[in-house]
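**Student:** Sharing a structure below in structure tokens format, with a few things to ask.
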């Protein structure tokens, strides 16, 4: 059986937070594990609860909420849904990693160069 989606709701004003809570309250596969009334408490609540999703207010159109960068760098598996009901819009944020590659000479020198890292390259990079 799949695990419930764990959610922290941190919307303001209170009315919007209550509407979000009412929307997801009856969903059997979604569990609200925290409610944040003060933005200053978001980090602490996320650290304690480790939610799958954080739902926050989207203050400025086209601008990512400042909390997104900090939280997604610290908790890259978490996703953030930012809501702006007064503009009838929302944005979904998530973190991903870039995978980089380069060709390495198939030799002792190439292998050791990779293991020693970019600051200590011995050679063998193509």
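Throughout, read-outs are computed from the coordinates displayed, never taken from laboratory work. Remember, it's a predicted structure, so these values are computed and weren't measured experimentally. Please note: Cβ atoms are built from the backbone with ideal geometry, for glycine as well, and neighbour counts cover all protein chains shown.
**Student:** Can you put 8, 114 in order of Cβ neighbours within 10 angstrom, beginning with the fewest?
**Tutor:** Arranged by neighbour count, lowest to highest, 8, 114 become 114, 8.
**Student:** What whole-number distance in Å separates the alpha-carbon centres of region 13-39 and region 69-121?
**Tutor:** 30 Å
**Student:** Quickly estimate the mean residue ellipticity at 222 nm for the chain, helices only: each DSSP H run with n ≥ 4 gives -39500 (n - 2.57), and the total goes over all residues, rounded to 500.
**Tutor:** -8500 deg cm²/dmol
**Student:** Could I ask something else about it? How would you rank 78-86, 19-27, 100-108, highest first, on the average number of other Cβ atoms within 10 Å across their residues?
**Tutor:** My ranking of the peptides, most packed first, is 78-86, 19-27, 100-108.
**Student:** Right, next: Kindly state, to the nearest 0.05, the FRET efficiency for residue 73 paired with residue 112, given R0 = 30 Å and r defined as their beta-carbon distance.
**Tutor:** 0.45
**Student:** Between the helical axis of 14-25 and the dominant principal axis of the chain, each derived from Cα atoms, what acute angle in degrees is found, rounded to the nearest 10?
**Tutor:** Roughly 80 degrees between the two axes.
**Student:** Continuing with the same structure: Using a cut-off of under 16 Å, list every residue of region 2-25 whose amide N is near the label point 7 Å from the Cα of residue 31 along the Cα-to-beta-carbon line.
**Tutor:** Within reach of a label on residue 31, which here means backbone N under 16 Å from a point 7 Å along Cα→Cβ, region 2-25 contributes 2-9, 25.
**Student:** Report the residue, chosen from 30, 42, 97, that carries the largest GNM mean-square fluctuation when the chain is represented by alpha-carbon nodes joined by springs under 10 Å.
**Tutor:** Between 30, 42, 97, it is 97 that shows the largest mean-square fluctuation.
**Student:** Note down the nm distance, to one decimal, between modelled labels 7 Å out along Cα→Cβ at residue 49 and at residue 98.
**Tutor:** 3.3 nm
**Student:** Could you grab the relative contact order for region 5-94? Cα pairs under 8 Å, six or more apart, rounded to a whole percent.
**Tutor:** 29 percent
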